[in-house]
């Protein structure tokens, strides 16, 4: 069975680890703080490690803020070769909260793919709030995770998500990460402006 490694123990990392465990996927939690990694691993019945330990998952989720993405990719580049690497970031310019901190024709995921040419980078989870991943539902329907990337890489992540009872929407190639990041940014703005709750968000209905 395909395993998953979650790097990061924040709200999103915890929620994604919970989704994977719910679907029966073996989970490894990795962080710089071993105590935090062990605490989350215990919650989901997984294993724990620190940055630098062997990454056991075929799918690796980088559940870190955008500013930490590049340094982490460079640090772990060799270990991520041949793996599906999931970028969940929304590269918001938090100084102004009025734009994305990437070029207009680019994305955080595209930057990550350039840093990890031997990995299969996909964009996912950035349009989901942690609460809707944890509950598995939004508006009375299963939470939908939109995934952009290469077909085989998307399929590996989609299998983990759907095994937990969540839905998946295919967002196309990794080029669509730009649109997903803009969408995620809009959703964050609405939440900060209290137009929607952090337990809400946009739903995808077939």
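The values are calculated or read from the model by the stated rules, or taken from the named source; none is laboratory data. Given the structure is predicted, the values throughout are model-derived calculations rather than measurements. Quick reminder, even Gly has a Cβ in these numbers, built from the backbone with ideal geometry, and neighbours come from all protein chains shown.
Taking the options 80, 69, name whichever one is modelled with pLDDT of 95 or more, under 30 Å from residue 189 (Cα atoms) and either surrounded by 18 or more Cβ atoms within 10 Å (Cβ to Cβ) or in contact with a strand residue (DSSP E or B) (Cβ under 9 Å, 6 or more places away or on another chain) (or both). Talk me through it step by step, then tell me what you get.
On the way: 80 fails: under 30 Å from residue 189 (Cα atoms).
Just a single option satisfies the conditions, and that option is 69.
Could you please find all residues in the range 105-149 being surrounded by fewer than 24 Cβ atoms within 10 Å (Cβ to Cβ) and at positive phi?
If the condition is that a residue be surrounded by fewer than 24 Cβ atoms within 10 Å (Cβ to Cβ) and at positive phi, then 136, 139, 140 are the ones that fit.
Before we move on, is residue 95 within 26 Å of residue 40 (Cβ to Cβ) and either under 17 Å from the mean Cα position of the chain (by Cα) or surrounded by fewer than 20 Cβ atoms within 10 Å (Cβ to Cβ) (or both)? Can you show your working first?
On the way: within 26 Å of residue 40 (Cβ to Cβ): no; either under 17 Å from the mean Cα position of the chain (by Cα) or surrounded by fewer than 20 Cβ atoms within 10 Å (Cβ to Cβ) (or both): yes.
It is false that residue 95 is within 26 Å of residue 40 (Cβ to Cβ) and either under 17 Å from the mean Cα position of the chain (by Cα) or surrounded by fewer than 20 Cβ atoms within 10 Å (Cβ to Cβ) (or both).
Being in contact with a helix residue (DSSP H, G or I) (Cβ under 7 Å, 6 or more places away or on another chain), at pLDDT 95 or above and exposed (fewer than 15 other Cβ atoms within 10 Å of the Cβ), is that true of even one residue in the range 9-27?
yes
Could you tell me which residue of the range 181-198 is surrounded by the most Cβ atoms within 10 Å (Cβ to Cβ), considering only residues that are more than 14 Å from residue 132 (Cβ to Cβ) and touching a residue at least 60 places away in the same chain (Cβ under 8 Å)?
181
Here is a check on your reading of the model: is residue 89 at pLDDT 95 or above, within 27 Å of residue 189 (Cα to Cα) and in a loop (DSSP other than H, G, I, E, B)? Lay out the reasoning, then the answer.
On the way: at pLDDT 95 or above: yes; within 27 Å of residue 189 (Cα to Cα): yes; in a loop (DSSP other than H, G, I, E, B): yes.
It is true that residue 89 is at pLDDT 95 or above, within 27 Å of residue 189 (Cα to Cα) and in a loop (DSSP other than H, G, I, E, B).
State all residues of the range 28-37 that are under 17 Å from residue 3 (Cα atoms) and out of contact with any helix residue (DSSP H, G or I) (no Cβ under 8 Å at 6 or more places or on another chain); if no residue qualifies, say none.
Of everything in the range 28-37, just one residue is under 17 Å from residue 3 (Cα atoms) and out of contact with any helix residue (DSSP H, G or I) (no Cβ under 8 Å at 6 or more places or on another chain), namely 37.
How about the range 94-205: which strands (runs of 3 or more DSSP E) wholly inside it have at least 1 residues that are modelled with pLDDT of 95 or more and under 29 Å from residue 78 (Cβ atoms)? Please lay out each step first, then the result.
Values: elements: 120-123, 144-147, 167-170.
Because the criterion is at least 1 residues that are modelled with pLDDT of 95 or more and under 29 Å from residue 78 (Cβ atoms), the strands (runs of 3 or more DSSP E) in the range 94-205 that meet it are 120-123, 144-147.
From 102, 64, 30, which residue is at negative phi and touching a residue at least 60 places away in the same chain (Cβ under 8 Å)? Break it down into steps so the answer makes sense when it comes.
Working: 64 fails: touching a residue at least 60 places away in the same chain (Cβ under 8 Å); 30 fails: touching a residue at least 60 places away in the same chain (Cβ under 8 Å).
Criteria check complete, one pass: 102.
Could you say which residue among 69, 116 is without any contact (Cβ under 8 Å) to a residue 60 or more places away in the chain, closer than 20 Å to residue 152 by Cβ and within 18 Å of the chain's Cα centre (by Cα)?
Values: 69 fails: closer than 20 Å to residue 152 by Cβ.
Unique residue meeting the criteria: 116.
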